[in-house]
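The values are calculated or read from the model by the stated rules, or taken from the named source; none is laboratory data. Computed from a prediction, not measured in an experiment: that's the story for all the values here. Backbone-built Cβ (ideal geometry, glycine too); neighbour counts: all protein chains shown.
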Amino acid sequence: MLGQLILSGIATGSLYALTAIAVVLVFRNTRTINLAQGDFAMVGAFLGIYFLKQLGFSYYTTVLLVVASTTLLGVAVEWLIMRPIAKSDWLTLFTATIGVFYILTGVMGWIWGRDTKAFPVNFDPTPIDLGGALISMGHLYNIGWALAIGVVLYWFFNHTKQGIAMRAVTDDPEIAHLMGIPVKFIVMLTWGVAGFIAGFVGILIAPIIYVSPEMMDEVLVKAYVAAVFGGLYSIRGAVIGALMIGVAENLAGGYLDSSLKTSTAFIMIVVLLAFRPQGLIGVQKRREI
Amino acid sequence: MRTMMKTVMVIAATAVSMLGGTAIAATDSPGITDKNILICSYQPMTGKVSSYFRMGKGADAWFKYINDNGGINGRKVTYRMVDDKYEPARTKSAVKRFIERDECFAIVSPLGSAPTSAVIDYIVSKKVPLIGAGTGAAKNLTIESPWVFPLYPSYFTEGAQLVRFAKEVFGASKVAVLYQNDPSGKTHMAGIKSVLEKNGVSITAAEGYEPKEVDVSSQVIKMKQSGAEAVICSCAPEPAAKFYTERAKLGWKVPVVNVFFGKSPKVAELAGNDAVEGIYFSTIFRDFDSPAAPIQQAKSILKKYYPEETPDAIHLWGFAGAQVFTEAIKRMGDGPITRERLVKTLEGIDNWTGSVVPSITIGEGNAPEHFIIKDMSFVLFKGGKFVDFSPPWMK
């Protein structure tokens, strides 16, 4: 039972991890807590259904198109909504993302209805046996993709000019600007990468939690908690936080009481912040006055 | 003299108008005009449980059909639905508006245990009829008020019947229960616990889930580990689909019976036919495949007014309340349409077979005597569809 609870918890945690990464990316480069991050993925899931079912595209073409669309969505949100208010305080930026959240939820519901929909790609239901614990193909795909995207992001941040520039903007946007880094472009790129990740999340998570305008609400809350848990500035911390939350929820549900399952993440964050306000891996960053 | 005459005439006119006014007040209740009947309903039109909005669509389709065919005794029905997202706080403000601002004559076919529990005391205190609410929570069914006409048997009764089902159909003496952590699930649990001893059944694991929960894997693992010989699932369609997917993943062949509000084609659509194959569901209505005329009529009405909908039992919940209401207004004829008369007329319905429910007899008294449907029936998901199933005691 312990092995199964842990493995299922890792599988659930991997659902939170990618969204947590995107939350961290946007926050550390733009000081914005992006409440619409989950909805980018939701848009991706609906587009996935449309490409697969209505237009009859193959799975991989669909993945490509969805990721391209959500990347553009991220860029568009930055360009049209966030850039004009970029110099505002964090509360204004946060409120703007609430607006984007409601607009996307409303528009998707208006176009495709609010009923929960099945995602037309179902993974092989035969479970995979990993040392006595079972995991479904869908969850295994999810963990695989999360790892692959993690590797791509690692490479991007450490070995590409744009990635290194992004890190420079994270560390100090003013100095980055003085050094000739196009900060505006980097911020737009950040939102694009957030959209890029969301596209994958939408496609991967849809067969598991099904598709509706509200599908990502709970995932986003958990991903946000995971991001804070990891320190809000650390991608590695966010991933570890997400996996820990997934596992802890399952262990609490399995060994204590199922009614404690949903509150586990919040208990963890309160306890952690009491002892380590900078999060699990985070370091104390500059504070705004 | 002329002044005196004038005064007398004014007094006479005032008296006549007052008498007239009184007469009008005694004639019809709020919400009724010569040409219209205003009735209202709260529905989860959006949100996590929006699949239950089918109930509102079923009732709305019926009233649209009635209006397109001349209304009821010359009056058209305005069926006003408001989205409460299945959030009791929203239901409260919606119902307050219905009664105090809109002056709705009655509340017909609304949905939800938690939403109804939040407003039922207020509704009965205002003496507004509440007809066919989609709720099985004990409070809403046992309230000592003549204004409430519950739609279907209580979740308590259903829970008790499911234990008997597990014992007699599955031969199980150890059961696990997966239930929604809200009034509906807790009432099912209470019903289940009430008959355990009588049936010689014990609970090995009782696992709750939150409606918004991302997955139910830990609950399913725990139930499997508990050595249960059968599972009773008090699950709505989306969580039920997650449970059946997880059960299939773990290769757990345990027999399952699901409560009626999870009986929806949505479950198989989301989880896939293979994962749902062999699951039993309790139910209230005949399936849409039934050749019964009222069911076929409901199917064609739904197709006409909501062509995008796949016919589902939940649509029929809405039809049932709407049809009973229509029948009562029809029976009231040209007389005054008052809330008191509506209650009396509903209580006079005896062995009526004109609706999607095979036969309706409504008793006199309070809510517990007013059930529109009294017994559960059962179906089995087999070969991609629901087929009728009769447990031993119904044969």
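The listed residues are A:Ser14, A:Ser58, and the only one of them that is of a type in the set (Gly, Ala, Ser), within 26 Å of A:Tyr210 (Cβ to Cβ), out of contact with any Ser or Thr (no Cβ under 9 Å at 6 or more places or on another chain) and surrounded by 22 or more Cβ atoms within 10 Å (Cβ to Cβ) turns out to be A:Ser14. What number of residues within the stretch A:70-92 are surrounded by fewer than 20 Cβ atoms within 10 Å (Cβ to Cβ), part of a helix (DSSP H, G or I) and in contact with a helix residue (DSSP H, G or I) (Cβ under 9 Å, 6 or more places away or on another chain)? Number satisfying all stated conditions: 8. Scoring A:Tyr16 on the criteria (1) of a type outside the set (Gly, Ala, Ser); (2) away from chain B (no Cβ under 14 Å); (3) closer than 28 Å to B:Phe243 by Cβ leaves a single failure, condition (2).
Report yes if some residue within the stretch B:16-29 is at pLDDT 85 or above and either polar (S, T, N, Q) or out of contact with any helix residue (DSSP H, G or I) (no Cβ under 6 Å at 6 or more places or on another chain) (or both); otherwise report no.
Yes, there is a match, as at least one residue in the stretch B:16-29 is at pLDDT 85 or above and either polar (S, T, N, Q) or out of contact with any helix residue (DSSP H, G or I) (no Cβ under 6 Å at 6 or more places or on another chain) (or both).
Take the conditions (1) surrounded by 16 or more Cβ atoms within 10 Å (Cβ to Cβ); (2) in contact (Cβ under 8 Å) with a residue 40 or more places away in the chain; A:Gly163 misses just one of them, which is (2). If you go through the stretch A:126-185 and keep only what is within 13 Å of A:Asn29 (Cβ to Cβ) and among the charged types (D, E, K, R), you end up with A:Arg167, A:Asp171, A:Asp172, A:Lys184.
Please work out if A:Ile49 is surrounded by 15 or more Cβ atoms within 10 Å (Cβ to Cβ) and hydrophobic (A, V, I, L, M, F, W, C). Lay out the reasoning, then the answer.
Details: surrounded by 15 or more Cβ atoms within 10 Å (Cβ to Cβ): yes; hydrophobic (A, V, I, L, M, F, W, C): yes.
Answer is yes for this residue.
Against the criterion of being more than 12 Å from the chain's Cα centre (by Cα) and over 15 Å from A:Val219 (Cα atoms), A:Leu65 qualifies.
With the requirement that a residue be among the hydrophobic types (A, V, I, L, M, F, W, C) and either free of Cβ contacts under 8 Å to residues at least 40 places away in the same chain or under 24 Å from B:Lys48 (Cα atoms) (or both), what does the stretch A:81-93 give you? Steps first, please.
Just the residues of the stretch A:81-93 that are among the hydrophobic types (A, V, I, L, M, F, W, C), to begin with: A:81-82, A:85-86, A:90-91, A:93.
A:Ile81, A:Ile85, A:Leu91 - these are the residues of the stretch A:81-93 that are among the hydrophobic types (A, V, I, L, M, F, W, C) and either free of Cβ contacts under 8 Å to residues at least 40 places away in the same chain or under 24 Å from B:Lys48 (Cα atoms) (or both).
Each residue in the stretch A:23-41 was checked for being more than 11 Å from the chain's Cα centre (by Cα) and in a helix (DSSP H, G or I), and 4 of them qualify. Residues in the stretch B:359-372 that are touching a residue at least 60 places away in the same chain (Cβ under 8 Å) and under 16 Å from the mean Cα position of the chain (by Cα) were compared, and the one that is nearest to B:Gly318 (Cα to Cα) is B:Ile372. Assessment of the stretch A:131-148 against the conditions (touching a residue at least 12 places away in the same chain (Cβ under 8 Å), more than 10 Å from chain B (Cβ to nearest Cβ) and under 30 Å from B:His315 (Cβ atoms)) yields no matching residue. Filtered by the rule that a residue be within 8 Å of another protein chain (Cβ to nearest Cβ) and either in a helix (DSSP H, G or I) or within 17 Å of A:Ala20 (Cα to Cα) (or both), the stretch A:253-280 gives A:Gly253, A:Gly254, A:Ser258, A:Ser259. Scanning the stretch B:298-314 for residues that are surrounded by 15 or more Cβ atoms within 10 Å (Cβ to Cβ) and in a helix (DSSP H, G or I) yields B:Ala298, B:Lys299, B:Ile301, B:Leu302, B:Tyr305, B:Ala313, B:Ile314. Please work out if A:Phe40 is aromatic (Phe, Trp, Tyr) and touching a Gly at 6+ places or on another chain (Cβ under 6 Å). For A:Phe40, the condition - aromatic (Phe, Trp, Tyr) and touching a Gly at 6+ places or on another chain (Cβ under 6 Å) - is met.
The set of residues from the stretch B:263-291 being aliphatic (A, V, I, L, M) and more than 21 Å from the chain's Cα centre (by Cα) comprises B:Ala268, B:Leu270, B:Ala271, B:Ala275, B:Val276, B:Ile279.
Applying the set (1) surrounded by fewer than 24 Cβ atoms within 10 Å (Cβ to Cβ); (2) more than 11 Å from chain A (Cβ to nearest Cβ); (3) at pLDDT below 90 to B:Pro211 leaves exactly one unmet item: (2).
Considering the stretch A:131-188, and only residues there that are outside any helix (DSSP H, G or I) and among the hydrophobic types (A, V, I, L, M, F, W, C), the residue that is nearest to the chain's Cα centre (by Cα) turns out to be A:Ile135.
Could you look through the stretch B:214-245, keep only residues that are part of a loop (DSSP other than H, G, I, E, B) and in contact with an Asp or Glu (Cβ under 7 Å, 6 or more places away or on another chain), and pick out the one that is farthest from the other protein chains (Cβ to nearest Cβ)? Only one residue fits best here, namely B:Val216.
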